[in-house]
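Okay, so here's the structure we're looking at.
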Amino acid sequence: MTPQQVHLIRKTFAELSRHDHVAALVFYKRLFELAPELRPMFRGDIEVQSKKLIDMLGVLIAMLERPLGLELELKAMGARHAGYGVKDEHYAVVGAALMAMMAEALDKDFTPEVRAAWTALYSAVETLMKAGAAEVAHEAVR
Ligand code: HEM
């Protein structure tokens, strides 16, 4: 990622954190429109869910700080997600809900550059999480 992309992500993350409740409402609404079958996986009220969404974005941000150190952690997180019932194809749906939420929350600040920066970051994290999930799946059949 370029320094400019890192800058854009930090700036927009700060803005999203200030509107975490609205962001969570928009994110989960869009997610369950796209994939209603995911609804039972998520429990908790809006407080809990908005905290989780910000945690999720925080994990993405951590990836900027120390991409190498995070590799094992993200793989372990991907393996835990497989345990929650998350399948590979769900990552694209969550990514789409995340972008829709950002478009709404950031409005005119959601420029094509901002979208590209978050997409690059999400895809790096997604790749590692899927690799972690594949490793546990592999171990399970051995
Ligand atoms: C870049 C992608 C993602 C990140 C960074 C992320 C991050 C997190 C984090 C930090 C947690 C807290 C628990 C833990 O660490 O294991 C969590 C929980 C969870 N995530 Fe994700 N996640 C991602 C993608 C997904 C996807 C694609 C799904 C599919 C629906 C999903 C569903 C869940 C569920 C069901 C929980 C548990 C929720 C609960 O206990 O209510 N996540 N996620």
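So the values come out like this:
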read-out	value
Residue in the stretch 65-75 that is in a helix (DSSP H, G or I) and more than 28 Å from ALA140 (Cα to Cα) present	yes
Among the candidates ALA117, ALA35, residue that is within 30 Å of GLU135 (Cα to Cα), touching a Ser or Thr at 6+ places or on another chain (Cβ under 9 Å) and not basic (Lys, Arg)	ALA117
VAL86 being in a loop (DSSP other than H, G, I, E, B) and either loosely packed, with under 14 Cβ neighbours inside 10 Å or within 8 Å of the ligand (Cβ to nearest atom) (or both)	yes
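Read-outs: derived from the displayed coordinates by stated rules, not from any lab. None of these values were measured; they are calculated from a predicted model. No Cβ is skipped: glycine too gets one built from the backbone with ideal geometry, and neighbour counts run over all protein chains shown.
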